[in-house]
1. Computed from the mean reciprocal separation of all distinct C-alpha pairs, what Kirkwood hydrodynamic radius does the stretch 191-268 have, in Å?
2. Ordered by residue, what ³J(HN,Hα) values in Hz, to whole numbers, does the stretch 275-289 give under the Karplus form 6.51 cos²θ - 1.76 cosθ + 1.60, where θ = phi - 60° and Gly and Pro are x?
3. Just how far, in whole angstrom, is the stretch 54-68 from the stretch 323-351 if you go by their alpha carbon centroids?
4. Please give the contour-minus-distance gain from Ile29 to Ser331: 0.36 nm per residue of separation, less the Cα-Cα distance, rounded to one decimal in nm.
5. Step through the residues of the stretch 97-107 one at a time and calculate ³J(HN,Hα) from phi using the Karplus curve (6.51 cos²θ - 1.76 cosθ + 1.60, θ = phi - 60°), rounding each to whole Hz and writing x for Gly and Pro.
6. Mind giving me the nanometre distance, one decimal, between the label points for Thr51 and Lys294, set 7 Å out from Cα along Cα→Cβ?
7. Name the residue from Asn210, Gln255, Met196 whose Cα lies farthest towards the positive end of the charge dipole of the stretch 191-268, charges +1 on Cβ of Lys and Arg and -1 on Cβ of Asp and Glu.
8. Taking amide H positions as placed in the peptide plane 1.01 Å from N, state which residues far from Asn56 in sequence (5 or more) or on other chains have amide H under 5 Å from it.
Amino acid sequence: MPIIPTCRPFVAASSLVLLLFSPVLGQEIDTVYLKGEAKPVAGEITAVDKTSVTVNQKIARKDVPVPANTISFIAWSGEPATLNLARSNERAGNLSEAVAGYQEALSAIGSDAPDIKRDVEFFLARTTSKLAQADPEQLTAAIQQLQQFAEQNRNFYRYYDTQILLAETALLANDVSTAEAAYTVLEQSPWLDYQMAAKIGRAKTLLARNDIAAAKQVYDEVASSNPSLPSEKAKQLEAMLGQAECLQRQSAYDQAADILQTVIDQTAADESRVLAEAYLRLGDGYAAQGQKVKEAILAYLHVDVVPSLASHADLHAEALYRLAQLWPVVSQPARGADASAKLEADYPNSPWVEKLGSGG
């Protein structure tokens, strides 16, 4: 019984991505690349603080403040050549290579470029947190690295991004108090999408404490908002994902499935983590009903075979575990064994491997 997921088309060819996100080596200007925008802001960065980066555009003779929440990354004038390759490796999921590249770039940055140094330190902390998704033994070090960066860079444009990463990493480690503290800081950010993220995070901490009713109330509030920007719409959909999880915990599987399908249909391709979680939770709901095993397998397969979804190590490991359990149910034990082997080979330190070995 071959089951092949039929995925919505994902954006653009790799050549276009490289064109949009590969700065010219040896560039003499600073280039600020924006989330979801093809056109960057170029010029000379003259000021950096926790909420914005100011770019002086000499030809236009004006200063352009760029809000920090809109920035994807900055290609700095005078940055080490190795930095662009490290960023590319991180985007491609080559995390160990990215860490090595960032460390090499860091050693090449002089004392006259403190902002470039801080940016690379942020990249290192972020990549370390991604590595910890697949290896819980690295979570404590990742949390400490993020905490240190936040403490030392309170007026840097990556400050609130660091709080998001810190909270998410802390939740993976079941460190709810650290996550709550980071979300409290995030609530103080001046942007609605980050404030929505803080509320969603608060709901996650309530779920971690098994307070389903309180968590759903917060998710409902964010999901019922009227977003005006794509970034706000993304957070609304993430809240709907949380709504569905709460409904599943209350055994309202059909209602949850309807919400999850809406999330899948409306989530932008670059919000790959939300998509991966939506497919996982959809699979969970189908599996819990007992009579929809094939539908559950199809949902989990998306997280295994779609590269952008599989790039989230913790979610991919979970999908492989679920597939290993379900393939034998539909008389495909060999495919179940393949999923088990892939889980053990790709994520040997994942808690899902331990669960696989325990038979649970």
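1. 12.3 Å
2. Residue by residue, the stretch 275-289 yields 4, 4, 5, 4, 5, 4, 5, 5, x, 4, x, 5, 5, 5, 7 Hz.
3. 52 Å
4. 102.7 nm
5. 5, 5, 4, 4, x, 5, 5, 5, 4, 4, 5
6. With each label placed 7 Å out from Cα toward Cβ, I get 5.6 nm.
7. Result: Asn210, furthest along the dipole toward the positive end.
8. Distant-sequence amide H within range of Asn56: Glu44, Ile45, Thr46, Val64.
Every number here is computed from the coordinates shown, using simple stated rules; none is lab data. Keep in mind the model is a prediction, meaning the values are calculated, not measured. Note that we place each Cβ from the backbone using ideal geometry, even for glycine, and neighbour counts take in every protein chain shown.
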